[in-house]
Every structure is written in structure tokens, then in C-alpha cells.
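Have a look at the structure below before the remarks.
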Amino acid sequence: EAHFARVGISAVHVMQDLTRPLNPRPRPMQTSQGELLLESSGLRVCGRRVSARGAALLGVALAALCGSLWLAAGHGALPAGPPAAGTSKPDVTAPGKDGVCSDRETCLSIVDAFLERQPRQSFMGGKGVGLMQTFGPDSFDGGPCGDKMCKLVEPCPNYEQTPHCRFDVYDNALAAIYLTRRGRLEEARSVLKSFLYLLYDDKGGLKLLAASYTDAPAKAGDYQGVGVADGAVDTGNNAWVGLAFTHFAAETGEACYARVARDILEALRHDVSCADDEMGGFAARGPPYPHNYRSTEHNIDVFSLSRALNSSADAESAATFVRSMWGHSKQAPDTYVTGTGDAAHCDATIPLAAAAADVQFWSLLADADPSAARKNASVTFALRNPGSARYKGGEGRIDGLWQIDEDLIGSPGGEGKGQELYGFRFTSWGNGIQWENTASAVMGLVHYQQKYQRDAPVAGLDEAISRARVSIRQLLQAYQAVPASVLGGNINAYIKNDHAADYPGGSDTGIGWTYLRYPHVAASTWAGLLLLYQDDDGAPVDDAANPFAPPRKPVPSKDKSDADDSCLPSGGGSGSKGGGGSPPPPSGGGGGGGGERTRADLEAIYSGDLTPSAALTSLSYGLMTRLPSLEVNERIALEALLSVLTSDIASCEKLLRTPIPLGYTRYSVRFLWIWLTLLPFALTNTFVNFGVGTWWEDKPKPVLVLAMLFIGFIFLSIEDIAVQIEEPFAILPLHVQHQWLLRDAEQTRWLMRYGSRQRGR
């Protein structure tokens, strides 16, 4: 009966697709209580109006047919959310036995090998030194829907627009924590050395990290330039780096690394603290491109770092803010909202926003809010299944985060194709499973299972954990890594925004960007942490694998860490266990720009007017280097607009630079004149007999002359219009449009400067 109930739901989805409702956005169906409520007023099937009863009968008939075919084909359970309480637990491992990495150590070895082969920043010198590339190298293919909608850019996303790959701070901090927990301390140390080089300047002063770097040289305090992919100084990213140093210091006992963590926390306290505000917490972004909003996720990160370093005041401030973010969402009242507005310093307003998976589950893992009732409500919301857009049941639905994806493509070798996978979408406005959030979410669910499930049970919790964890192990086996998404399509498919498509353009976050089918450091690393935390149902839980939890060993004290600078660039690298130092500075200067000779060459090349292509390239380069405060999604949107502009300019250039061939113009005009010259001879007899039998028979007949003047004027005018259409730029009032564009640009520039001054107050 449960199978047929679910088949009935899918059948009505199919029925809706085959019918034409007068209302283009019918009310979503509610299935939580087994009811099928269909708004069928105005419903037509094959041109005939169907009543609600008729629609229901049609749905039942389709359900019976689909259910028979489905069961006859030998399929198991249909895509659905976690089963209700009291139902039997499904055998989640049997269908994927051959597609799941066999045991804990085998799965972890896949993660280890993936991190080991990730490309590193090369300018720091030395094998294994440098931050890891976040996505790639190379993609897992976007699917068979043609180059325009499915071909993925190699070797990493957005490489065609900004020819560099990202080396994100957060992903590398997470990898360092995993390597520390895995016991691969020297590999973790190499990542931390890279951070040290980017944290401390030549005078030993700490500069907080930008969000992302490239493979080009960069140094501490660089927030723009070719070596910086994203110059935003995000609070959460720097807190994660502090956590990486904290866990490493506790595990090795090297006090210098604890000193770095405390330096980071002190810098965050100085730059972005809102402790004097009733809500408390920390602002989301510091100078040189500050933002006023406070992010719940960032404050969870700062809370965990402060608690690990025994900074109780900072921990309490961050926890106060996290607790204050509960229950303010009108769309999802049983969740933590993502944060506040951005209008004023430490803004306390709460705008409408999607419910984010990381906020719900990371607050759970960190225990930032002790309220078991809130945790229960948040997890219950997250485990609701809003349906799938591909089955016409989940488009636009915002109730819940649990989702089911089918891998229509598989790995490059074909493994994993057709697998049904379970996990969580990025936000309640998104579509498609995002695997970084899913792995961390499973850890959060296991944490809830261990601490709260007995007293505050959540229906379907155990099944959700099993299904999602098996899905992650299937991905590890098939891809030898965890991709950011298994959904095909490229950025063009994402911009089209068709979630019902087979290849919709990756997993849409719903808040301005997407994750495509690339190997992903964060997703793979969270998968490794999950397997360290608990690798299978009923296995013991290792709390030390929870990156938000305090380290299992004591962190070196402040007095001890303040006296140890052996790991710092100014410390000479004489730390114990080979500790020390940071990588050597890049050769040839720190800017990666090639010196004065290159600058002079560029100035000589661009001394005249820029060509349209060079102008657009300069705009794209300027977005990367001169506007590092832009979010990733904002850059993607601007690059997409530049791409459209490039296409439009190419069309105009084709018209401008491809004039009518001279021979074509000459011969068409010559033919027209010859034809007009001979035309009177052909019309003479007609006009001679024009007045026969009328009063005009013996009068002068200028009709032929008038007719020829009219015909000649019309045809010569058409020929002239044709020439002008082929070359319109000489006659169009483009100078007027140019003046309007200049005026718009000047007004926009003034408004941006005014906004900057207002934010600075």
C-alpha cells in the first residue's frame, strides 16, 4: 500500500504535466497525511473540462498502471523521504553492494589518495607545499546534451572567464583538520605552512586571509591581484583556519600552532566583533572590504574556535547570536535563519532568506544552542522531502531539505550510472543534492541520534543516516572522490533555471550559484570526517572527528604558545619535529606580474584605442583584480552578462566589418538602371492604347512618363534602403545612445561612492 500511495503521487504529477490548468502555478500537493489535494478547477484533459472527482479517478487509474509496471519490473521502493516511524528499516546496503567501498579503511584510503594527488600552488616551492585546488582537476563530464548546455570547462569551473583555478581557504582548512585526525600529520603541516606564509608579513604581523587564492604568487595582506581569486576577508573562513591550527597544536603539542590560532581569534575580535550589541556575535566580513551583516554559520565557526581556545567571552558572544537566530523565518519558522541584514554596523534586521542546510546541521554539531526542542524541530524540518522537480512535485517548494537524485551520467568509466542517491540540498530554495553539506549533515544527524533521539525522537532519522551514508560511499567507489554534485549540465543550463531538466546545471543553491560535476575537496574531506566519526550503522562514534568539538587532547596554554614562535616566518623554522617555518618566497618578485618590462610592453600595446575584445577582457580582468569583495555568485552573474555582451558585440562587428561586396552593389545598380531604361519600351503599347474609346483618345498622354518616374523612384529607394540596412552604423544616432550610457555610468559611479561613504559611517 505504501508503494502504491507513492506511485499515486507520481502518477498525479504525470497527470498534471499532461493537462493544461488555467492557473499556471497550482497549489502544491500535500502528502504528509496521505491526502492528495489537487486544485483542479479549470482543469482540462484532451480539451474537456474535468471535475475534481474525474481528476482523482484519472490519478488512481494512472497509479494502478504505473504501479503494476513498476512492480513487474522488479523495482524496490520509490524515491521518497525517510519512512515514517514504525515502518521496517530498508536494506540500504544490499542494492549497492558492488557499488560501495567495502570497508572503512578502503573508503578512507580513497579520500587520502584524492587529497594527495590534488594540484597545489606551485609558487611556494617544494612538493606537497601550497594550498590544494578546490575543484578538479578536470570534470566528471556534464552529460550528453550538447556542448552549449552540458560541456564543462576544463580544468576547473569558470576557467574560460577567469583563467585560473581556485585554492579556497575553507576547503584547505577542512583538509588540514581531516589529515590531523587521520594521523597524517606531515601532510597537515604542509597545508598549515602554506597558511603561515599567507598570514604573516615580513614584519611578523598577522593579516587575515582572503577567501581564495590562485596559483599565481601572493603574500600576506594581498586582497587583490592575479594571486587572489576572492579577496573577501570572511570571518568563517578565518575561523576554520584557526580551528585547523588548534586541532594540530593539540594533537602534536606544538605550542606555536596554538599561538597562530589565538592570533587569528584576536584579529577577528579586533576587526568584526559585535560584542557590545544585544545579539552579540561577529560580523561576516572584515576590512579591506567590510560588510555589516552577521552570518549564523560564521558565528558557529567562531564559537567552536573560541571554545577550543578557552575564550569564554567570545564563545558566549557567538553562541548568543546563534541562539537569537532561531525562529525568525516566515517560510520555515522551525529553523535557524542565515543571518542579519547589511545596512548598518552590526545590523540587527533579519531579511527574508532561504533555510540553509549548513546552518541547521553545523549548529547541531557545535552544540551552540543547548535547546533540545529547537534541535528536534530543525532536524524534523530538514528531513522533510519537498519532492523532485523532475517529477513535477517539488518545483518551487520550500518545505524541507531532503532530496533524491539519480546519477544519469556516472563516473568517466561509467560506474555509478543510474544509481539513486539520497542527501540534502544546499538551501530550501535550491535543487539537487550538495554533497559537502550532505556529509556534514549526516554527522549532525548521528550526533543527534546519540544525544537527543531517545528523549526527542525524530521519525525516519535512522533511515536517513543510512541512506545518505551509503550514497556517499557509493560516490567514493564510483568517482574515487566525492563530486560537488552528480547532476549534469553546465553554467548555461543553470542560467536557464529548468530544474525539471535531466541536466539542470548542477546542484542549484537557490541563492545565486551552483555546484557542478567536479571533484570537490570540501565534499571529499567531509566524507572522510564522516567515516572517521561513524562509518556504518551501529559502529562506535569518535567525537574527535567532529571538527566543531574541542580537541581530545589539551591545547597548549597561552603562556606556552606566546613564548613559542618557531613555526612563524620570523622564527626561522627551528621548531621541534621539523616544524618550522613557512615556504620560501616566490622567485621573481611577489606580484607574479613580470616586472617593469612587461608593464612597458603592455602600455605600448594598449596605447591606442582598445578593441572591443580587449575592452571586454579588461573588464573581466578588472572584476577579478579590482573588485575582490564581490561574492562568487556576483562574479558569475557579471561574467555571464559580459558573455552576452561579447556575443552582441560580435554580431555588430560582423555587420560593421563585413560591408557589401563592391561588385554586388555595382552590378545590382547597373542591372536596375538597365531594367528601368528598357521598361518604357515594354509599356509603350499598353499606354498608347490607354485612352482608346475615351475622351482622352486624342489628348497628350504623359501617363507613361509619370508611371516611369514613380516606378523608378520606388525601386531606387528600395535599393538605397538595402544598402543602408547592410551598413547601418553610419546613419543610426549612436552618439545619442553613447551619451545616455555615459550618463548612466556616471550616475551609477556616484551612487556606489555614496553607498561606500554611508557604509563607512
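Some observations on this one:
- Rounded to the nearest 20, the Cβ-based charge dipole of region 96-187 about its Cα centre (Lys and Arg +1, Asp and Glu -1) stands at 180 debye.
- Order by protection proxy (mean Cβ within 10 Å, highest first), peptides 296-303, 315-322: 296-303, 315-322
- Note on Tyr159 and Glu266: their simple-model spin labels are 4.2 nm apart, each label 7 Å out from Cα toward Cβ.
- Distances between placed amide hydrogens fall under 5 Å for Phe282 paired with Cys274, all partners being 5 or more residues away or on another chain.
- Virtual paramagnetic centre 7 Å along Cα→Cβ of Leu732, amide N under 20 Å, in region 654-693: 654-661
- Per-residue 3J(HN,Hα) values for region 337-349, derived from phi via the Karplus relation 6.51 cos²θ - 1.76 cosθ + 1.60 with θ = phi - 60°, read 6, 6, x, 9, x, 10, 7, 9, 4, 6, 3, 9, 6 Hz in sequence order (x marks Gly and Pro).
- Of Lys207/Lys330; Lys148/Lys654; Lys417/Lys496; Lys203/Lys560; Lys219/Lys560, pairs whose Cα-Cα distance is over 30 Å: Lys207/Lys330
- Using the Karplus relation 6.51 cos²θ - 1.76 cosθ + 1.60 with θ = phi - 60°, the per-residue 3J(HN,Hα) values for region 213-227 come to 10, 10, 7, 6, x, 8, 9, 4, x, 7, 10, 7, x, 5, x Hz, with x marking Gly and Pro.
- Accessible surface, per residue, of region 400-500 when the full set of protein chains is kept, probe 1.4 Å, Å²: 28
- Qualifying chymotrypsin sites (Phe, Trp or Tyr not before Pro) for region 116-177 [loop in DSSP, other Cβ within 10 Å: at most 16]: Tyr159
- Net charge dipole, region 142-270: roughly 280 debye, given to the nearest 20, about the Cα centre with Cβ charges of +1 for Lys and Arg and -1 for Asp and Glu.
- For region 140-150, 3J(HN,Hα) per residue [Karplus equation, 6.51 cos²θ - 1.76 cosθ + 1.60, θ = phi - 60°, Hz, x = Gly/Pro]: 9, 6, x, x, x, 10, x, 5, 4, 9, 10
- Region 217-359 - percent of accessible surface contributed by carbon and sulfur, probe 1.4 Å: 51
- In a fully extended conformation the segment linking Tyr667 and Ala500 would gain 54.7 nm over its present Cα-Cα distance, using 0.36 nm per residue.
- For the pair Asp342 and Lys654, the difference between a 0.36 nm per residue extended length and the Cα-Cα distance amounts to 107.9 nm.
- Under 5 Å from the amide H of Leu131 lie the amide H atoms of Gln121, each residue being 5 or more positions distant or on a separate chain, with H modelled from the backbone and absent for Pro and chain starts.
- Shape of region 319-365, Cα gyration tensor, a/c cut at 1.5: oblate
- Ordering Cys145, Leu185, Asn172 by the projection of their Cα atoms onto the charge dipole of region 136-198, which places +1 on the Cβ of Lys and Arg and -1 on the Cβ of Asp and Glu, puts Leu185 at the extreme positive end.
- Computed from the C-beta positions of Leu742 and Tyr289, the FRET efficiency with R₀ = 35 Å rounds to 0.80.
- Dipole magnitude of region 434-485, debye to nearest 20 (Cβ charges: Lys/Arg +1, Asp/Glu -1, about Cα centre): 100
- Taking amide H atoms as placed 1.01 Å from N in the peptide plane, the amide H of Val228 lies under 5 Å from those of Thr214, each 5 or more residues away in sequence or on another chain.
- The GluC sites (Glu not before Pro) found in region 141-220 that occupy coil by DSSP, while having at most 12 further C-beta atoms within 10 Å, are Glu160.
The values are calculated or read from the model by the stated rules, or taken from the named source; none is laboratory data. Worth saying up front: this structure is predicted, and the values here are computed from it rather than measured. Quick reminder, even Gly has a Cβ in these numbers, built from the backbone with ideal geometry, and neighbours come from all protein chains shown. The protein model used for the area step is the full one, side chains on, heavy atoms only, and it has no ligands, DNA or RNA in it. Shrake-Rupley method; radii C 1.70, N 1.55, O 1.52, S 1.80 Å.
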